[in-house]
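The values are calculated or read from the model by the stated rules, or taken from the named source; none is laboratory data. Since we're looking at a predicted model, the values are computed, not measured. Cβ atoms come from the backbone with ideal geometry, glycine included; neighbour counts cover every protein chain shown.
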Amino acid sequence: MFDWLSFLFNMLLTALGRSLDLLSTYRVTPKLKLETNRLVSKLGWWGAICLQIPIIIIGGFLFQLSLFIFFWSLLITANNLTGTWFIKGLKDGETTYAELLKESTKKAKWYNILLDESAPFLLFSVPNLVIWILILNFEGNFFFYLLFSDTIYSYILILTGTAILHGIVGTIRNFIYILRFKREIKKEEKSNLNNHEKKP
């Protein structure tokens, strides 16, 4: 018999995590100018909300998965809220901050960007990958502990797994976001050059 109570609890836990992510994103960037997820920035808020529906339903089927989504969402929420005071203190908030980022990107060297934006991977992913390797080395039955077991190893893998994913995804998103700025700057410079050449 299907356990509806567990299914609903898992869905609520998943929904709570995803709601925290969306609410913290809205606090930082209501116009989505600072959103690093390209899909969300294109779809807008209604699209972003609709994207959560299948995630919440899938999370309902397995407690370990709902816990994984919840803790990953919690890390994203904390990341979103970091430095919010600075953005809120600027005139026009996210618009001004986006322009500041764009201007800084124009002047920044790639090796400095690579060094700085790899910080989430070094901070979150590397130490927790070491924990995964140690558990794999000593326990062996890795996927059983990760997905089906109800032991301390299972929850250690889930918690550290969220940190690993957060570090990898965060680093990739940041690089792509800055790359978008670089491309926009090149387009603007090319457009300005063409306009200048057209002038008599």
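Among the residues of region 96-135, those that are in contact (Cβ under 8 Å) with a residue 40 or more places away in the chain and basic (K, R) comprise K102, K106. Kindly establish whether T96 is over 21 Å from I168 (Cα atoms), crowded, with 16+ Cβ neighbours inside 10 Å, outside the structural domain of L159 (by TED's automatic domain parsing) and at pLDDT 85 or above. Here the answer is no, as T96 does not meet what is asked.
Inspection of region 117-127 identifies no residue that is modelled with pLDDT under 85, in contact with a Ser or Thr (Cβ under 7 Å, 6 or more places away or on another chain) and under 30 Å from S66 (Cα atoms). Given the criteria among the small types (G, A, S), out of contact with any Asp or Glu (no Cβ under 9 Å at 6 or more places or on another chain), farther than 22 Å from S154 by Cβ and exposed (fewer than 14 other Cβ atoms within 10 Å of the Cβ), does S24 qualify? Criteria not met by S24. Within region 35-47, does at least one residue satisfy the condition of being at pLDDT 90 or above and in contact with a His (Cβ under 9 Å, 6 or more places away or on another chain)? So far as region 35-47 goes, no, none of its residues is at pLDDT 90 or above and in contact with a His (Cβ under 9 Å, 6 or more places away or on another chain).
Here I56 meets the list (1) modelled with pLDDT under 90; (2) surrounded by 15 or more Cβ atoms within 10 Å (Cβ to Cβ); (3) not small (G, A, S) almost entirely, failing just condition (1).
Looking at L51, L34, L5, L12, just one residue is among the aliphatic types (A, V, I, L, M), under 17 Å from the mean Cα position of the chain (by Cα) and surrounded by fewer than 17 Cβ atoms within 10 Å (Cβ to Cβ), and that residue is L51. When F175 is tested against the conditions (1) surrounded by 16 or more Cβ atoms within 10 Å (Cβ to Cβ); (2) in contact with a helix residue (DSSP H, G or I) (Cβ under 6 Å, 6 or more places away or on another chain); (3) modelled with pLDDT of 85 or more, the lone failure is (1). The single condition among (1) more than 16 Å from the chain's Cα centre (by Cα); (2) among the small types (G, A, S); (3) under 24 Å from I156 (Cα atoms) that G17 does not meet is (1). Restricting attention to region 1-18, the residues that are free of Cβ contacts under 8 Å to residues at least 12 places away in the same chain and closer than 30 Å to L101 by Cα add up to 0.
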